[in-house]
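What follows is a short report on a single structure.
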Amino acid sequence: MPSDPLAVVGVGNAIVDVIATVDEAFIEQHGLIKGAMTLIDADRADALYAAMPPAVEVSGGSAANTMVGVASFGARSGYIGKVRDDQLGAVFGHDIRAAGVDFDVPAAGDGMATARCLIQVTPDAERTMNTFLGISSVLEPDDVDEAVVASADIVYCEGYLWDTDLAKAAIRKAMGIGRDNGAVVSLTLSDGFCVDRHRDEWLDLLSDQVDLVFANEDEVCSLFETEDTERAIDRLGTLCPTVAVTRSAKGSRVFSDGIIADIPAVGVAELVDTTGAGDLYASGFLYGLAAGLSPERCGELGSAAASEVISHVGARPGVALSSLL
């Protein structure tokens, strides 16, 4: 159990981001789909990893990025995700702890390799991503430490992880522990394709198991199978006590206990890389919620954190987010 209670504990896919600068010839030579995110198998991951030039390797995954953001604001955060006892598993553990996040899930001694997202950045700043989910996708209930989750004020779960029965059981366990201990239970819908795969389950989950949901406009439209964004957002606002919907340049809309607030986006001098914008929005919102701030102020902190991360390359803060306060 952590020495002190956690403000937020995240549950998600533990992925190492491997980021390298390449030329256009590399993209062609290896048959990559430029600008896309492609899921790949272990053999393809090994071959592409071996072919990449010197790279930066950092702990990643959506919920992991969010927990790093919470820590950067100055709150205590923890993370539950699965890695293997291999080279990249060691990289993940060291890096996320160095970023200030509690991470104590033992590395698995067998099974698939640690997940990695192989990211090729071309001179035009386009990011081409090839992701091997590996052992991260089979997080299981035994990996969820009851004492760690029970110590948290907020339990934050990543929708990307909902694709296997084991992982679903792990998320449900974490949510149940949170509810039993009075925590706010939160879910991020993660991706429109995730919503398409799990729509019925998630509608049930949101109606009685979740206190706070994060989504963007595409995800909320997918959830209700409509192109009417305003109507979809309004419907989502009837499902959960608190809802935060990000709307790109239009900012975000927050519903909480009958209050509706439209939060403006924070402008940036130059938009460099939108990777991690939603993850860091959640960081600011969760930090504010843990600090007892109003839903509107939580949304403002989310917008500020998202603005910071899109002003540079990468899904991690370039400055201490506490400086934004």
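Some notes on this structure:
- Mean sequence separation of contacting Cα pairs (under 8 Å, at least six apart), scaled by the length of the stretch 1-58, corresponds to a relative contact order of 57 percent.
- Charging the Cβ of each Asp and Glu at -1 and of each Lys and Arg at +1, and nothing else, the dipole of the chain about its Cα centre rounds to 520 debye.
- On the beta carbon distance between THR226 and THR274, with R0 = 25 Å, the FRET formula returns roughly 0.55.
- Charge tally in the Cβ shell below 13 Å around THR114, where Lys, Arg are +1 and Asp, Glu are -1, THR114 excluded: -4
- Spin-label model, ALA25 to ASP200: label points 7 Å out along the Cα-to-beta-carbon direction sit 5.3 nm apart.
- Take the Cα of ALA107, step 7 Å toward its Cβ, do the same at ASP234, and the gap between the two points is 5.3 nm.
- Between the listed residues GLY100, GLN120, VAL184, the Cα displaced farthest toward the positive end of the dipole of the stretch 95-207, a dipole computed from Cβ unit charges relative to the Cα centre, is found at GLN120.
- Full-stretch length increase - ASP86, GLU140 - with 0.36 nm per residue and alpha-carbon distance subtracted: 17.5 nm
- Each Lys or Arg adds one and each Asp or Glu takes one away; over the other residues whose Cβ falls under 10 Å from the Cβ of ILE27, this sums to -3.
- Sum of -39500 (n - 2.57) over DSSP H runs of 4+, divided by residues of the chain (222 nm, nearest 500): -11500 deg cm²/dmol
- Residues with amide H under 5 Å from that of ILE263, placed H, sequence gap 5 or more: SER252, ARG253, VAL254
- 5 angstrom amide H check on ILE15, placed H, neighbours 5+ away: GLY60, GLY61
- DSSP beta bridge pairing in the stretch 6-324, given as percent antiparallel to the nearest 5: 40
- Charge sum, other residues only, whose C-beta stays under 13 Å from GLY314's C-beta, Lys/Arg counted +1 and Asp/Glu -1: -4
- Loop-located GluC sites (Glu not before Pro) in the stretch 264-325, at most 16 other Cβ atoms within 10 Å (DSSP): GLU270
No value in this document is a laboratory result; all are computed from the given coordinates. Because the structure is a prediction, the values reported are computed rather than measured. A quick note on method: Cβ atoms are made from the backbone with ideal geometry, for glycine too, and the neighbour counts reach across all protein chains shown.
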